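The values are calculated or read from the model by the stated rules, or taken from the named source; none is laboratory data. All values derive from a computational prediction rather than experimental measurement. Ideal geometry is used to build each Cβ from the backbone, glycine not excepted, and the neighbour counts take in all protein chains shown. Quick note on the areas: whole protein, heavy atoms, side chains included, nothing else; ligands and nucleic acids left out. Shrake-Rupley method; radii C 1.70, N 1.55, O 1.52, S 1.80 Å.
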Amino acid sequence: MSKAVGGAVVRNLVKRRLRHLVRDRLDRLPAGSLVVVRALPGAGEAGHDQLARDLDAALERLLGGAPRSNPPGGDPRSPGHPGGSAQ
């Protein structure tokens, strides 16, 4: 996890929250799936509910749900992107 998320205490808090949130959603993934969850810089300031919403949105995109709102060819990691807290 990047130091851009926050200091060590904040990074560990985000890591624990994301681990817990992913554990509750594992049954939505196909058997044998490998998923990488990356915390974006805003994750350190996001609350538990916001992390859950962002993770749910990312899983919906991953599993073929709602399409991304980014324009084609747009990079969500670009400096001008308002960003979420989890990807």
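Observations
- Every residue from region 8-23 that is surrounded by fewer than 10 Cβ atoms within 10 Å (Cβ to Cβ) and either within 15 Å of the chain's Cα centre (by Cα) or in contact (Cβ under 8 Å) with a residue 40 or more places away in the chain (or both): R23
- Counting only residues that are assigned to a helix (DSSP H, G or I) and surrounded by fewer than 15 Cβ atoms within 10 Å (Cβ to Cβ), region 24-52 holds 8 of them.
- Residue check, A66 open to solvent by 40 Å² or more (accessible area, probe 1.4 Å) and at pLDDT below 90: yes
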